[in-house]
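Colleague: There's a structure below that I have some questions on.
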Amino acid sequence: MRHNEIELYEPINILKQVGEDIWIVDGPIVQMSMYAVKLSCPRPMTIVRLSNSELWCHSPKEQN
């Protein structure tokens, strides 16, 4: 891994089960700026199967 690079939960863009009825997907690295500091972070998504069999998805939106 290069300096200033974040290690992702490989493989990226692939659904990975991490618990019963819980999956994650790591997406590409996104660049953000906060208080004149540039940050790099992965774009994750979490999917949970609810007790009524519906799916709940959480995917933070990139801020510009």
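What follows draws every value from the coordinates through simple rules; no lab data is involved. Predicted model, so just to flag it, every value in this text is computed and none were measured. A quick note on method: Cβ atoms are made from the backbone with ideal geometry, for glycine too, and the neighbour counts reach across all protein chains shown.
Colleague: By average Cβ neighbour count within 10 Å, what is the ranking of 15-24, 51-60 from highest down?
Modeller: 15-24, 51-60
Colleague: Then there is this: For Leu55 and Glu20 in one chain, what is 0.36 nm times their gap in residues minus the Cα-Cα distance, to one decimal in nm?
Modeller: Once the chain is fully extended between Leu55 and Glu20, it gains 11.3 nm.
Colleague: Fewest to most neighbouring Cβ within 10 Å: what's the order for Arg49, Arg43?
Modeller: With the fewest neighbours first, Arg49, Arg43 line up as Arg49, Arg43.
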